[in-house]
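J.: This is the structure I want to talk about, given as structure tokens.
What follows draws every value from the coordinates through simple rules; no lab data is involved. Everything numeric here is computed off the predicted structure, so don't read it as measured data. Methodologically, a virtual Cβ is constructed for each residue, glycine included, from the backbone with ideal geometry; neighbour enumeration extends over all protein chains shown.
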Ligand code: CA
């Protein structure tokens, strides 16, 4: 007997929408009757849009209740609304935006949730206990990597409470226009990464010696909070191993210096213990990558629900990815807690518009071939699905790229949408837990912050069962609600933050490079 085909399933996001997406695995063939009686005129792939009414040429195509484009030719009801049939609207101007009009009605508090974390001298809390070795320049990367291998083999077994040793490798430090105004971005990013809560306030630097980014410029006096009991002298002494130091004779003497200094920090890190802290100590960065049309239907709304839970619990949540919120700027400025926050949002959008313009592109350069294959026709549609990760709380704060978080609640941390650059900048902002949604699938991970990956579709979750930490595809299948998956994610976060559960990326030790955002010239 032939298998009974699964019932046709389409998802419409808003009552005003004149398109819906096909939810069935493998899409639906032409001739399929949809539940409302509409018959498909074309084969429509999974995640792609079907016209629910006749769309005459020039008509607005509505998804999420907003115009994601206009029909470039007549599109009959039941037809596949292919990306080539959609014209993209221009970006919303940055004048006359609704500024902080939504009011700041706080969400009801959520109390009683805790996790086990590492309390730091500056009051922040780590979710992992890692020795990070900062580098002032790429030149030292090979030597540091060699030393880290030896530290892992020879020292780490003696310090069982330390999770890992990580070299903070990057491409910056020399051969750059270090006094260019935008050079402030990569420099402060590196500085703030060194101070991430997962490193316990222990900072050591490997420097070459002749590089433009001298250690004192990277970490000026007073930039490192000092643990109690370590004396005032320690406050001024930045721990630097300089490879060009005359004391070094031969490669092994450099490696030995790094090992000797690492042992000092490992001893202190090893003495630390997890303690019960309120969920308000979570600093969560959310982003998406390898998105599809389900991102904005399943995973991102679930993350948005969880974002609200975190804000209600007093935690800090960052959302980012400027090109993926640019088309929703009016929603964001309206949600700003104060006119100053709204102004800061406009400032970051305007800066990024200019940055893209200098490169001869605009926000539409964001979408990838995979996004389009997954049903996302253009950046407007992608943005509407991306922005829902931010939930519904007032936006309390805006960070420019590379800045460090200054308060709790919901923050817009301006970053490129590039997964690695966004993750790097959120790490610099002080993130201690990362949530990443994906529809097409990516094995993304970070070496220094646990990354919880959420699949938008059950098919992906099934095939990538040992890479995806949570499946939000159950929402599209009607097996779970957005709230159910949001709560699941919230509880999973507390487990991962406490170290009781490791993410798949941690178990396989998969991680991407730190990639600095450097809009300044290189020389
Ligand atoms: Ca991204």
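J.: Alpha carbon centre of the range 155-232 versus the range 107-146: separation in Å?
T.: If you average the Cα positions of each part, the centres end up 12 Å apart.
J.: Quick check on the range 279-508: what does the Kirkwood estimate of hydrodynamic radius come out to from the alpha carbon pairs, in Å? Don't skip to the answer; put the middle values down first.
T.: Working: mean 1/r = 0.0581 Å⁻¹.
Its Kirkwood hydrodynamic radius stands at 17.2 Å.
J.: Okay, moving on. Can you pull the one-decimal nm distance between simple spin-label points at residue 507 and residue 6, each 7 Å off the Cα toward Cβ?
T.: With each label placed 7 Å out from Cα toward Cβ, I get 2.4 nm.
J.: Taking other Cβ within 10 Å of each residue's Cβ, how do 322, 114, 523 sort, fewest first?
T.: Going from sparsest to densest Cβ surroundings: 523, 114, 322.
J.: Can you sort 246, 202 from fewest to most other Cβ atoms within 10 Å of each residue's own Cβ?
T.: Values: 246 7, 202 25.
So the ranking, lowest neighbour count to highest, is 246, 202.
J.: What is the range 101-250 by shape, rounded, prolate or oblate, if you read a ≥ b ≥ c off the alpha carbon gyration tensor as root eigenvalues and call it rounded for a/c under 1.5, prolate for a/b larger than b/c, and oblate otherwise?
T.: It comes out oblate by the Cα gyration axes.
J.: Here is a follow-up. Expressed as a rounded percentage, what relative contact order does the range 387-523 have, with Cα pairs under 8 Å and six or more residues apart?
T.: Across the range 387-523, relative contact order equals 22 percent.
J.: Quick check: from the Cα gyration tensor, does the range 374-523 come out rounded (a/c under 1.5), prolate or oblate?
T.: rounded
J.: Estimate the FRET efficiency between residue 105 and residue 350 by the formula 1/(1 + (r/R0)^6), using the beta-carbon distance for r and 25 Å for R0, to the nearest 0.05. Present the calculation step by step, with values, prior to reporting the outcome.
T.: Details: r = 28 Å, r/R0 = 1.13.
Working from the Cβ atoms, E equals 0.30.
J.: Nearest 0.05, what FRET efficiency do residue 523 and residue 260 give at R0 = 41 Å with Cβ-Cβ as r?
T.: The computed FRET efficiency comes out at 0.75.
J.: How high is the relative contact order of the range 279-508? Use alpha-carbon pairs under 8 Å, at least six apart in sequence, and give a whole percent. Before the final figure, lay out each step's value.
T.: Working: 480 pairs, mean separation 68.9, N = 230.
That works out to 30 percent.
J.: I've got another one for you. For 306, 174, which order do you get if you count the other beta carbons within 10 Å of each Cβ and list the fewest first?
T.: Fewest to most other Cβ atoms nearby, the residues stand as 174, 306.
J.: Please compute the length gained on full extension between residue 275 and residue 487, using 0.36 nm multiplied by the number of residues separating them and subtracting their Cα-Cα distance.
T.: Numbers: separation 212, 0.36 × 212 = 76.32 nm, distance 2.33 nm.
Here the segment from residue 275 to residue 487 would lengthen by 74.0 nm.
J.: So what's the back-of-envelope 222 nm ellipticity for the chain, counting only DSSP H runs of four-plus at -39500 (n - 2.57) apiece and dividing by all residues, rounded to 500?
T.: Working: 15 runs with 147 residues, N = 523.
Helix-only estimate at 222 nm: -8000 deg cm²/dmol.
J.: At 0.36 nm per residue, and after removing the present C-alpha to C-alpha distance, how many nm does the segment from residue 149 to residue 77 gain when stretched out fully?
T.: 19.8 nm
J.: Then there is this: Name the shape class, rounded, prolate or oblate, that the alpha-carbon gyration tensor gives for the range 406-448, where a ≥ b ≥ c are the square roots of its eigenvalues, rounded holds for a/c under 1.5, and otherwise prolate holds if a/b is larger than b/c and oblate otherwise.
T.: It comes out prolate by the Cα gyration axes.
J.: Still on this structure, I have one more. Using only the alpha carbons of the range 458-523, what is the convex hull's orientation-averaged projected area in square nanometres?
T.: Taking a quarter of the hull surface, the average projection is 7.4 nm².
J.: Looking at the P(r) of the range 23-82, how many percent of alpha-carbon pairs lie beyond 14 Å?
T.: Cα-Cα pairs of the range 23-82 separated by over 14 Å account for 54 percent.
J.: Suppose we keep just the DSSP beta bridges with both residues in the chain; what percent of those would be antiparallel, to 5? Please report the intermediate quantities before stating the final value.
T.: Values: 22 of 58 bridges.
Roughly 40 percent of the beta bridges in the chain run antiparallel, per DSSP.
J.: How many times 2.2 N^0.38 Å is the alpha carbon radius of gyration of the chain?
T.: Against the compact-globule rule of thumb, the ratio is 1.03.
J.: Put a dot 7 Å past each Cα toward the Cβ at residue 465 and residue 57; how far apart are the dots in nm?
T.: Placing both labels 7 Å beyond Cα along the Cβ direction yields 5.2 nm.
J.: Over the chain, what relative contact order in percent results from Cα pairs under 8 Å that are six or more residues apart?
T.: Across the chain, relative contact order equals 18 percent.
J.: Taking 51 Å as R0, compute the FRET efficiency from the Cβ-Cβ separation of residue 361 and residue 479 and round it to 0.05.
T.: The calculated FRET efficiency here is 0.80.
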